[in-house]
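Engineer: The structure that follows is given in the form of structure tokens.
The values are calculated or read from the model by the stated rules, or taken from the named source; none is laboratory data. Note that the structure is predicted; figures quoted are calculated from it, not measured. Note: ideal-geometry Cβ built from the backbone for every residue, glycine included; neighbour counts use all protein chains shown. We work out accessible area using only protein heavy atoms, side chains counted, and drop any ligands, DNA or RNA first. Shrake-Rupley method; radii C 1.70, N 1.55, O 1.52, S 1.80 Å.
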Amino acid sequence: MDSVGVAAAAPPDAGPGPAWQSKCPWGTPNTTSISCSLADVMSEQLAKELQLEEENAAFPEVVAVAEGPFITGENIDTSSDLMLAQMLQMEFDREYDAQLRREEKKINGDSKVSISFENYRKVHPYDSDSSEDEVDWQDTRHDPYRADKPTTTPRRGFIGKGKDITTKHDEVVCGRKNTARMENFAPEFQVGDGIGMDLKLSNQVFNALKQHAYSEERRSARLHEKKEHSTAEKAVDPKTRLLLYKMVNAGMLETITGCISTGKESVVFHAYGGKSATEDKVIPPECAIKVFKTTLNEFKNRDKYIKDDYRFKDRFSKLNPRKIIRMWAEKEMHNLTRMQNAGIPCPQVVILKKHVLVMSFIGKDQIPAPKLKDVTLSSEDMKKAYYQTLNMMQQLYKECNLVHADLSEYNMLWHDGKVWLIDVSQSVEPTHPHGLEFLFRDCRNVAQFFQKGGVAEALNERELFNAVSGLSITADNEVDFQAEIEALEKMNEDHVQNHGKKLSTFSSDGDPPIYDE
Ligand code: ADP
Ligand code: MN
């Protein structure tokens with residue numbers, strides 16, 4: 001089906017119409033059929049092209065990745081003038097805005113009536129990132145000086161009697177109501193101080209404002225989507241690029257050669273290490289840079305790892321999305337450090353800057369070590385890898401007090417004749433409300449991998465779980481086993497409820513719970 005007539009086609013016997021037709025108050029129907037292609041109407045591509053055109057006008061492409069090394073000391077200073085100019089501009093804009101904020105504060109002081117400099121800011125509020133000196137938008141929503149909300153009319157729709165009756169259509173009441181409803185606009189949408197004063201918005205003004213708020217919200221979302229898109233395609237957004245550039249500029253990194261992995265949650269780069277600023281810290285000759293993606297989408301389903309992790313609990317609720325992503329990077333750093341201290345083969349942390357984590361590179365000459373799923377090991381090496389993995393899981397649990405929570409042949413690298421553990425941003429402590437479930441999942445992955453790999457000695461997932469955790473769950477089938485795990489987790493949670501403290505260890509045989517004093 002290519003083409004569809006939109007208007008009604010003329011009747012087959014198109015002679016002079018019946019008498020009623022000439023008298024018809026709506027006149028004679030137009031019989032020329034305008035036909036257009038359904039393919040055109042439905043074309044997503046066309047829609048996309050039009051949208052792109054519009055966006056390109058509003059948000060011109062800025063980042064162009066040059067051939068060859070990604071960032072070096074040289075290509076920043078010479079060949080990438082545009083990038084450099086943009087970076088300087090970005091810093092300038094930020095400083096300018098900070099100055100503006102200071103002046104705004106000075107002028108307004110404690111005065112009840114304040115003048116906003118918002119319109120003079122260089123960085124569009126929707127595009128701004130939350131650098132340390134900026135106040136989170138969540139916080140600015142709370143205004144202790146805000147006047148009581150205007151009163152609303154009761155259910156029946158009017159108040160008063162006789163000629164004093166006031167209906168819900170009353171101009172003043174309606175105006176106040178409209179003002180109050182401005183609160184429902186997107187939090188980023190600036191509505192000024194109107195909510196706090198006795199401002200009456202006419203329906204017309206309110207509707208125009210609402211329309212504008214919605215289109216701004218969409219615009220802002222589109223710009224963000226576009227920027228994030230460029231994170232995937234061009235590897236990093238301008239702000240991350242600036243961070244990387246600073247590292248190269250400081251001499252900490254010599255060259256960032258290119259991207260080694262683009263995952264759902266991160267992009268990983270290879271870099272040659274430079275000289276250290278402090279002499280006691282040696283920068284590895286080759287580094288891996290893990291850039292956590294500053295889009296929340298994929299992280300949403302990971303909330304459960306961090307939200308229930310008491311180490312981060314107090315901070316979680318107060319944070320904005322950008323900071324939550326920095327927290328993932330921070331978590332990976334802390335977890336890697338614990339592992340390093342226990343002597344588990346893993347990348348060594350070099351430095352953490354916001355959502356960018358620099359660590360030692362596992363591999364050689366820019367070639368990353370293969371994942372366990374991608375190497376073919378001799379049966380001897382396979383057996384060695386198994387025992388080493390078992391050992392590492394126990395160390396991780398007992399010495400680091402951690403459960404990997406995403407352990408599988410995808411996050412184990414084979415390098416220098418041994419297994420290296422990576423990707424620990426989601427790792428949790430065993431007493432995390434789902435810690436034991438995560439451990440069981442890890443055990444299932446590991447057991448299956450080595451059993452399939454032909455290691456006859458490999459424990460099954462339940463045996464492995466007990467061997468790692470030191471628990472002795474006796475259930476001989478998966479369902480019961482899992483139920484016991486969940487019961488233990490629940491016991492721990494109840495204990496937290498009653499004592500405000502977690503158990504330091506789990507105990508499955510009815511002993512009184514042991515916990516740290
Ligand atoms: P993701 O969350 O995207 O899976 P990972 O930490 O697993 O992030 O990193 C993705 C990939 O990047 C890994 O599978 C590995 O191939 C590579 N990689 C990550 N860190 C290193 C490192 N330190 N050395 C070498 N390769 C690494
Ligand atoms: Mn991974």
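Engineer: Once you have a ≥ b ≥ c as the square roots of the Cα gyration tensor eigenvalues for the range 316-384, tell me rounded if a/c is under 1.5, and otherwise prolate or oblate according to whether a/b is larger than b/c.
Structural biologist: Working: a/c = 2.39, a/b = 2.24, b/c = 1.07.
Here the range 316-384 falls in the prolate category.
Engineer: In addition: How large is ³J(HN,Hα), in whole Hz, for each residue of the range 362-373 in order, when computed from phi with the Karplus curve 6.51 cos²θ - 1.76 cosθ + 1.60 and θ = phi - 60°, using x for Gly and Pro?
Structural biologist: 8, x, 8, 6, 6, 9, x, 4, x, 6, 4, 6
Engineer: Taking amide H atoms as placed 1.01 Å from N in the peptide plane, list the residues 5 or more away in sequence, or in a different chain, whose amide H sits under 5 Å from that of E265.
Structural biologist: none
Engineer: Using amide H atoms built 1.01 Å from N in the peptide plane, name the residues 5+ places from G273, or on other chains, whose amide H lies under 5 Å from its own.
Structural biologist: Under 5 Å from the amide H of G273: E254, E286, C287.
Engineer: Where does each of T240, T337, T255 land when they are ordered by accessible area, with a 1.4 Å probe and the largest first?
Structural biologist: T337, T255, T240
Engineer: Would you mind checking which residues have amide H under 5 Å from V428's amide H? H placed 1.01 Å from N; only 5 or more apart, or other chain.
Structural biologist: Long-range HN contacts for V428: V403.
Engineer: Out of the total accessible area of the range 370-501 (probe 1.4 Å, heavy atoms of protein only), what percent is carbon and sulfur? Walk me through the intermediate numbers first.
Structural biologist: Details: 2720 of 5880 Å².
Exposed carbon and sulfur together represent 46 percent of the surface.
Engineer: Then there's this: Taking 0.36 nm per residue of sequence separation and subtracting the Cα-Cα distance, how much length would be gained by fully extending the chain between H499 and I260, in nm to one decimal?
Structural biologist: Numbers: separation 239, 0.36 × 239 = 86.04 nm, distance 4.71 nm.
The span from H499 to I260 would gain 81.3 nm if fully extended.
Engineer: Hey, which of these cross-link pairs are over 19 Å Cα-Cα: K264/K331; K323/K354; K353/K418; K323/K353; K323/K371?
Structural biologist: The answer is K353/K418; K323/K371.
Engineer: Calculate the FRET efficiency for N391 and N249 from the Cβ-Cβ distance with a Förster distance of 41 Å, rounded to the nearest 0.05.
Structural biologist: Working: r = 42 Å, r/R0 = 1.02.
Between N391 and N249 the formula returns 0.45.
Engineer: Separation between the D374 and K418 pseudo-spin-labels, each 7 Å from Cα along Cα→Cβ, expressed in nm?
Structural biologist: Result for the modelled spin labels: 2.2 nm.
Engineer: Mind giving me the FRET efficiency for E171 and Q99? R0 is 35 Å, r the Cβ-Cβ distance, nearest 0.05 is fine. Intermediate values should be presented prior to the final figure.
Structural biologist: Details: r = 43 Å, r/R0 = 1.23.
That gives a FRET efficiency of 0.20.
Engineer: What full-extension length gain, to one decimal in nm, is calculated for K384 and I367 as 0.36 nm per residue of separation minus the Cα-Cα distance?
Structural biologist: Values: separation 17, 0.36 × 17 = 6.12 nm, distance 2.33 nm.
Taking 0.36 nm per residue and subtracting the Cα distance, the gain is 3.8 nm.
Engineer: Assuming R0 = 45 Å, what is the FRET efficiency of V205 and K353, from their Cβ-Cβ distance, to the nearest 0.05?
Structural biologist: Working: r = 46 Å, r/R0 = 1.02.
The computed FRET efficiency comes out at 0.50.
Engineer: May I pose another question? Hey, got the Cα dimensions of the range 370-501 along the principal axes, in Å, largest first?
Structural biologist: The Cα atoms of the range 370-501 stretch 52, 31, 19 Å along the principal axes, largest first.
Engineer: Hey, another quick one. Any idea of the accessible area per residue across the range 369-494, 1.4 Å probe, to the nearest Å²?
Structural biologist: Working: 5330 Å² over 126 residues.
I get 42 Å² per residue for the range 369-494.
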